[in-house]
Every structure is written in C-alpha cells, then in structure tokens.
1. Quick check on the stretch B:57-68. Is at least one of its residues within 22 Å of B:HIS507 (Cβ to Cβ), out of contact with any Leu (no Cβ under 7 Å at 6 or more places or on another chain) and open to solvent by 20 Å² or more (accessible area, probe 1.4 Å)?
2. Quick one: would you say A:LYS219 is over 21 Å from the mean Cα position of the chain (by Cα) and of a type in the set (D, E, K, R)?
3. Kindly evaluate A:VAL288 against the criterion of being crowded, with 17+ Cβ neighbours inside 10 Å, within 14 Å of another protein chain (Cβ to nearest Cβ) and modelled with pLDDT of 95 or more.
4. State which residue is nearest to A:LEU74 (Cα to Cα) when the search covers only the stretch A:97-136 and only residues that are over 25 Å from the mean Cα position of the chain (by Cα) and assigned to a loop (DSSP other than H, G, I, E, B).
5. B:PRO34: away from every other protein chain (no Cβ under 11 Å), surrounded by fewer than 18 Cβ atoms within 10 Å (Cβ to Cβ) and of a type outside the set (D, E, K, R), yes or no?
6. Taking the criterion of being hydrophobic (A, V, I, L, M, F, W, C), at the interface with another protein chain (Cβ under 8 Å from one of its Cβ atoms) and surrounded by fewer than 22 Cβ atoms within 10 Å (Cβ to Cβ), would at least one residue in the stretch B:100-108 satisfy it?
7. Checking the condition more than 21 Å from A:ALA480 (Cβ to Cβ), polar (S, T, N, Q) and modelled with pLDDT of 95 or more, which residue from A:SER189, A:SER178, A:SER202 passes?
Number of protein chains: 2
Amino acid sequence: MKIQTVEMELRKNDKFLKIAEGLKPRLIQKVIYPKDIVKVVRDKTVIHGWKVNKADSIDNLREYACGRGDKFILDFGAHEVGYLTMKIRPVGSPPDAPLRLKLIFGEMPCEVKEPFSEYNGWISSSWLQEEIINIDILPQVLSLPRRYSFRYLKAEVIDTSPKYKVSFDEIYCKTVTSADLSAVKELPSMIDKELIEIDRVSIKTLQDCMQEVFEDGPKRDRRLWIGDLRLQAIANYKTFKNYDLVKRCLYLFAGITRQDGQISSCLFIEPEVTADNTFLYDYSLLFVDCLYSYYKATGDMETLKDLWESAYRQIEIALERLDENNIERDDNEWWAFIDWHEDLNKQTPAQAVLIYCMKRALKLSEELDFKEKDFLKEKVNQVSAAAITYLWDKEKGFFVSGKTKQISWASQIWMVLAEVLTKEENEALMERLFEKQPKLKLTTPYAYHHLVDALILTGKKDFAIEQIKAYWGEMIKDGADTFWELYNPEDKNYSPYGSNLINSYCHAWSCTPTYFIRNYFMQENCILKSNLVK
Amino acid sequence: MKIQTVEMELRKNDKFLKIAEGLKPRLIQKVIYPKDIVKVVRDKTVIHGWKVNKADSIDNLREYACGRGDKFILDFGAHEVGYLTMKIRPVGSPPDAPLRLKLIFGEMPCEVKEPFSEYNGWISSSWLQEEIINIDILPQVLSLPRRYSFRYLKAEVIDTSPKYKVSFDEIYCKTVTSADLSAVKELPSMIDKELIEIDRVSIKTLQDCMQEVFEDGPKRDRRLWIGDLRLQAIANYKTFKNYDLVKRCLYLFAGITRQDGQISSCLFIEPEVTADNTFLYDYSLLFVDCLYSYYKATGDMETLKDLWESAYRQIEIALERLDENNIERDDNEWWAFIDWHEDLNKQTPAQAVLIYCMKRALKLSEELDFKEKDFLKEKVNQVSAAAITYLWDKEKGFFVSGKTKQISWASQIWMVLAEVLTKEENEALMERLFEKQPKLKLTTPYAYHHLVDALILTGKKDFAIEQIKAYWGEMIKDGADTFWELYNPEDKNYSPYGSNLINSYCHAWSCTPTYFIRNYFMQENCILKSNLVK
C-alpha cells in the first residue's frame, strides 16, 4: 500500500498568479428542466448500439411513485453542465427508513445503460458520473454539491421501505458557464444549414467547457490543458470574445512552472493552483502559439511583454532536445502528444511543432523588435533545413518519422503547418496525402483540426469544408449535442481508455469548426461553394 | 409504480408540541478516535462467526497510501453514535481524477465483512450503513453530514487514479448524546464485577440512544417508540436523571395523536413531528405506565394533570376492544407487540397489559382523587375476573391465549405483572413456568425485561439476578458493547428481519439491567447473595 511520492520542484510567479486570480470569471447560471422521460433501447444501427425513445411526458413524472428497484431516465434535451436539484416527496406512510437513491449522469445513452461495474479501462473509474445518496429526512430538496456534465439522468431508487415510496415533484439543473451567448453573432442566413448546425454545436461545446478556466472537458478531466486552451481560445475570439478568460489561463500557466521554467501540460486549479507533472514537448511549445494568437486577437501588449519570457523559455528548453543534426531525439516514452494513437511516432510532428512555434515567436519578436529575433531566425532556418535533410523522403514524397521511417498523416499535416516546404510543395504534399492515404490516420478532433487547418493553408477551402462535414457533421448525425473528445469515423467505438463509457462527449479540442467557419468560410464565394458541395 | 396514499387524520395539540419543543436538549459532543486497525476473520466459535483481531497500530494509519481496491477496518474501541470526519491527503502526483470512497459503518463485525448486497430481508436495506463518496478536490477534510451508529469503520478506496493514492491523516467521530454521564453515580465496589459490567453496558446503551428524543436504536429506527421510551425512562431515572427528556417525549406523544385520541406507537421527529400510522394495542396503553413512572420519579403534578386525559383516553379506547365477556378480541393481524415472535398469540398478554395499565391509572386517580377512579376500579375488577374465568387454565396452571389456548411465557409473565392472581399464586406460577418450560419462549430483551420484573415482583430477586447474568451477561460474553435489540441464547443468529446485518446492536429496550441493579439489588443482602451466586 506504500507509494513513492513524486517530487517536483515548482516555480511560482506570485504576480502572474495574482493577475490570474483577479480575472476569475463570474459564472452565468441558468435553470434547465428535463424535456422527456425516455427509454434507451438496443439498436445496432446507431452509435454504441443505444437508441433513445420518448417513453412518457415529463409532466407525468410527479405522478410516479418509486419504490425499491424503480427507475427512470430523463432527457434534458441537450448537453448541460451544472448542478442538480431534486424535490423529493414521500408517498404512502411517513418514511420509516432512509431513501437510498442511485443517480447516473450520462453525456451519451451508453452511460445510462451499460453497467459502470463492467468498466475496466486504464483511467480512473471515478470519472463515471454516479452517486449513491442516502436521505434520512423526507420531503427533501436535494441539491447535489458536485457539478455534472450530462444530457441524460438515470434515477434508481435502491430502497425506500415497504411502507412508503417517493415521487419527484421537480428536477432541474442549474447550468454554469463563463461564456456569454449574447456575445455570439448570428451567421448569415445564406450559409448552408449543415454548417450552421456544425457551428451551433461547436459553440455549445465551447460554452460548456468554459468555466472558471477553459476546461478540456466538463466531464473529464475538467482541467486546463494547453492543447485544448489553444484551440478554445481561437474559437472564443470568433464567438464569445471572452479575452479575459484566455488572459487568465495564460497567466496561470506562466505563473506556475517547473523549476527550469517549462510550462506544464495542464494545471489543477483547486484547492490551489498547481502544475501537473505531465510535460509534453508539443504542449509546452504551443504556449507560444497561444500567446501569439491572443496578441493577434487583442493587441494586448502588456500581457505579451509580461509573458514573452515564459513563452520564449519553452523554445529554449525544446531546442535542448535536438541532436547534433538539429533533429528531435526520439523516445519510446509518452514525450509528446500530437494525437491519441498508440503506434504514432512523435519525432517528425514534434520537430514540426517546434518550427511552427519558433516561427510564431519570430513574427512576434520581429514585429516588436525583441532581442531574440536574430537567434530565432537562425534557428528556424537550421531546424527547418534539418527537417528537409533528415526527415523528408524525396522519393516517397512524404516526411518520415522515427527509426522505422513511419509515414503518418500527423507528420505531413504538422510539417505543412510549419511551412517547411514551399507553398507549391505543401499543396502537392496535401494532395499526395489524400491520394496515397497512408495507414496511420487521425483519431481525435484535435488532429482533425490540424488537418483542416493544413487544407486551408494550402488553399483547399472547399475540401476543408468537406472534411468538416465528413467529420464533425458525421458526429452530429451520430447524435452529438456537443462535439466529442474522440471520433474515428472508421471505428466509432474507439476509445484510447478501454471503454466508451469514460470518453468525454463534450470536449474543448473539438470546438474549432466555428473558428474555421467564422474565420475562413464567410466570404461569399466560400458560402456559395459550400452550398454547391452540399 | 403508483401507490395508494394512506390517509390518516391526526389531531394536534399545539400547546403540548410547544412545550415539547421548549424541552429539546442540547446534545453533548465528544471527539473519539479509532483505537486499532483490525482484521475481521472467520471463527465459528464466536457469534455470527466473525472474530476481530488487531492488525496494526492506529499510529501507522497515516502511512498507508490507498489506491484502487485498498481497504482497512478501524475499531473505535466501543460503540459510538456520531458524525465522522476524515482528513484525506493525496499521495503521489496531483490528483487527476476524483477519489471514490466506500465507507461501511458496523455496530458488529459481521456488518463490515458480509456483503450488504446479499441482504435480502424484509425491512429496508437503506438501514445498512454504507456511503459511496466522490471527492473532487484533495486534500479534503471530509465531514459526513449523516449520523452513524458504529464501532467498526471499513474504508475502501474504490478508485483514485494510476497517478495518485490517498492517505488518512486523521479520522474521528464526534459523538452526540443528551445523556450526561457525570450525573450517574458509581456503584458500590462490593457489587460483583459481572453486575458492574452489565450496569456499565446498560448505561452506555441508554446513553447512545438518548438523542433529541429517546430513540429505540441509533442505527435503526432512530425513532421515538413508546415501548422503548417506557423502559429507557425508568433506567434514566436511576442513572442520567434527564427528567426533561422524558417529559418532552410524553408531550410529543400526547401532542399528536390519531383523530380519536389514540397515541401512536411511534413518532417521527423530522422534518416535523408526526405520528406513524402503526398503532399497537399494548404500546398505546403503556403510555399510561410511562406517565405513572414519570410522576413517581418527579412528582411533577403539572405534567400529570396536562397529560392525564391523553393517558386515560388510551384505556377508554382499549376497553372498546373487549368482547361481551370482557376478553380481548383476538386477531391475526399485527395488533399488539408483546414480543418479536411469529407464533405468539397476543390475546392474553394484551389483556394483562390492559389490567396492568388500568391499575397504574387507578393508583394515580386514587392518589390524586381523579374523577375516573370509581370507573377504573370497577373495570379492573371486571377485566381481571374475566381473565381468570376465560383465560386461566386451572388444570394446567397456566394462562392460555387464543383459539389454540396457547401457553406462552409472555402470557404468564404479563399476567403476573398484572397481579391478577394472589401473591402466592403468582409466585407458584413463576415457579411452574421455569419448571415446565413452555415452548413458546422469549426472543427480545424487551420480553426478558418483563420476565425479570415478574421474578422480582414475586420475590425471586436472586433468580432475577441469575436471569440477568444468563441473558445480558451472556450478550457481553458474545461481544456486546451495548445491548442488542434481539438476543436469543438458543439461536444466536436470530433476526426477525431475515438477516443479522439489519439488527440493531444498541437498542433502548435492552438497557434496563441498570434499572434493576440500581433499584432492587443495592441492598446489602442482595449484593452479598449475588456474589455467592457468582
């Protein structure tokens, strides 16, 4: 039962943490009532094999008297994040024993039907949203103290007593978010309906993830990860425009780092701000891009100046990983993220992320005449040249990664985004990618974001729209109210954790279609073409 | 799922309820720490087959780092009633998933070893003291809002995450009671050690049941029952002397009755005082005895005058049940309590309870010249005469009950207490009872109380002491820290509910040995004889 304590020295910047604390948002609350009493039934034609059918009008709920073993499932009509209240009334004799109640909150139908006891994945089962509640005194207005992320609520009376049952006079969710929906502009009506719907679901995804920080997922992990923050931020600039929340998160990351200044991949906010001991090569580097896009969106020079040193430090640390040829040292450990894929080699995409981020830093330093600009310019050239020399397989026309010279989609996409090749070569590479269809594909919306981004960068806007429809649009057809953490159109039961039940079905890194739509597809020709594609 | 609402008209006396509210006690709190980390192992030689062995020093608890599936059992050293606090500290990486914790509180070792999921008894499983708790933020001082009744606490970590475990820096119970131990006089040292121990356990039982009312059992049902109150009160007069708590309970019972004035067998106190729809013939009547003994202990004339009408009303209602021969109408329903015994016929013991209570009422009315005295005198004579005529089997020398003319211990004991026969006949009846040993014996300490009472009444004090030692003393040998709701020395696994797990192991009606010892056995000759018996 003994465990070794993981010691990690952290460096705090009290000024930064104080600024972040001052930017803590007031959450917007809204009371949401369930829409229907439903049944979830087996149906192999739908995702995960569970279909939701209306069972009864919600108005009849208060007539239900529930005793031992009675249960019902409520559909709140959409994905919600918040706090549950139940007004519970005893029926029959005065309650002569406690009420024992089981509540299961599900973002997806599978969560309220498949027994959690069968979950056997490698991440903690405690993420499964289940409560067993004992109530001594009835009637009772039960307000649960924990926040849940759900559309479906399953309530099961484990026991009352032979002398009484219970009815539920009212059940509601007090939702919370720091995203103000009134700040979001409506899309022009000529945009095609599918994109409007994709935009709406993107925004709802982002909204439900915007809490006291940008969370990765309100069900799991409810934490501030750089990889998610970066994508949430650019979607937020085009929608809610809550610049302060981005600023707060940037100051938090810079406010607590490893002793050498490396920014952690994620932060814990409660009970006090602290850095996780997970350090991912690409995530730390992408702090530079977060700061870059924040500055581009706001022109907030003060923040840029405050945080420049922290951002630049990520590049310095990253460069230490390069070998004598200016190539990333490869590693079998989980040293960079890029995508959830067991077989994905990270060397080449990581090299691309380094170049990508150095180029962002270079732009900032040139624009603002920072002293680091010359060094950055030199390094960008060296590391890019090395990528061509050692990672580019001219014959195959693809970047290769690792000892096995793996050809993955991720390597090509990130190298395109890093603009290592010429514009024309980049375009040709993207075409070749779709033509040759290398086996090692993408599994997460995070990776698909970069695919779409690379398509847009190489002038393939129409194709980008097609990809968005084929991926995020397909998710909606599969029942997404909010976009999912994981979605592999070729394996819709995919989970890197060992079970669908633990996947997050409202996940920050999936929210970027609204960014693409609002940033790139609102010019008239795009809108028209998109309609044609449809 | 629909249930019929049981409609019952209640009559409230606001004056009485206000007086009761004004007498609500302030609870005395005390912090109790666990004494040992223990193992509970199979041992067929001990009650229920579970033996407790020390496993580790409690000082080592904080060194335990518990992850998925780890568990430990703590022994608090004695039965306690109160609120649990746990100071929980994460060990390892920062907690990246909630902690899911299962806690089981056991009055007896079987509760922390036998799976509650196997409980299949007829009363509610929600009495089994189990909590599943999800904790999002660590470290955490977890103070559970519910009150528990336990000696053993089993804690099991259902899950943390692969990255962290938890340690418990401090676990304690804040006990509550309205009984002030400093009011209890020490027994003279010449009393034999076994009686001193029985007295101590009696007092602890009473103490743990004394809360905002006299509860029947702090684990189950946590309610104010007349049958328990009556015995608690007389034990309390000899120990804690909390007269106000008795007074409060008397006013509560009289403050909310059925429309016809019948006092319910038990009251619910929260969320507001209300009467249960369980009406037991003997329990309603015994309110008279509660008032009688309260008046005898306190001389509180005001309360007696206030409540006399309510008490007398129970006799009026009870008399309505008599047939034209002044004999109780028998019934197959659960109309009177007397004892937990499926086969016990209630007719004759109920008749005896009626006579017993009428005699108490008669004494009060004679002493205080109440107008009902003449009627009561006449009725006592009529109903007693009827008992001799119709229920006494002269040939067998026993009272018989019901159509089958059942000869039970309960019938004889209650008829002795009702003093229907002469003193000499009573003595002979008690001797015959022990000699002939009718099959239908006693199962609860409640019934054993009346056996001892009957022995004392018939001058058999030594034998009464023997019985106390053989019953309550045996319970202590079987591991009782507090006396149990149910104990059948001939079937130690007896439960009327279908499982040992649901029995109450600190139960009010078992606390009366201290009453007997302090009321009857403190004269020198008794003490000496008791030593001789030993």
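1. no
2. Numbers: over 21 Å from the mean Cα position of the chain (by Cα): no; of a type in the set (D, E, K, R): yes.
No.
3. no
4. A:PRO115
5. Answer is no for this residue.
6. No, the stretch B:100-108 contains no residue that is hydrophobic (A, V, I, L, M, F, W, C), at the interface with another protein chain (Cβ under 8 Å from one of its Cβ atoms) and surrounded by fewer than 22 Cβ atoms within 10 Å (Cβ to Cβ).
7. Within the list A:SER189, A:SER178, A:SER202, the selection yields A:SER178.
Every residue, every condition in (1) out of contact with any Phe, Trp or Tyr (no Cβ under 8 Å at 6 or more places or on another chain); (2) assigned by TED's automatic domain parsing to the domain that holds B:TYR281; (3) open to solvent by 50 Å² or more (accessible area, probe 1.4 Å), yes or no:
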{"site": "B:LYS359", "(1), (2), (3)": "yes, yes, yes"}
{"site": "B:PHE370", "(1), (2), (3)": "no, yes, no"}
{"site": "B:ASN381", "(1), (2), (3)": "yes, yes, yes"}
{"site": "B:SER384", "(1), (2), (3)": "yes, yes, no"}
{"site": "B:THR389", "(1), (2), (3)": "yes, yes, yes"}
{"site": "B:PHE399", "(1), (2), (3)": "no, yes, no"}
{"site": "B:ILE407", "(1), (2), (3)": "no, yes, no"}
{"site": "B:TRP414", "(1), (2), (3)": "no, yes, no"}
{"site": "B:THR422", "(1), (2), (3)": "yes, yes, yes"}
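The values are calculated or read from the model by the stated rules, or taken from the named source; none is laboratory data. Since the model is a prediction, treat every value here as computed from it, not as a measurement. When we count neighbours, we look across all protein chains shown, and the Cβ atoms used for this are built from the backbone with ideal geometry, even at glycine. Just the protein is used for accessible areas: all its heavy atoms, side chains included, with ligands, DNA and RNA removed. Shrake-Rupley method; radii C 1.70, N 1.55, O 1.52, S 1.80 Å.
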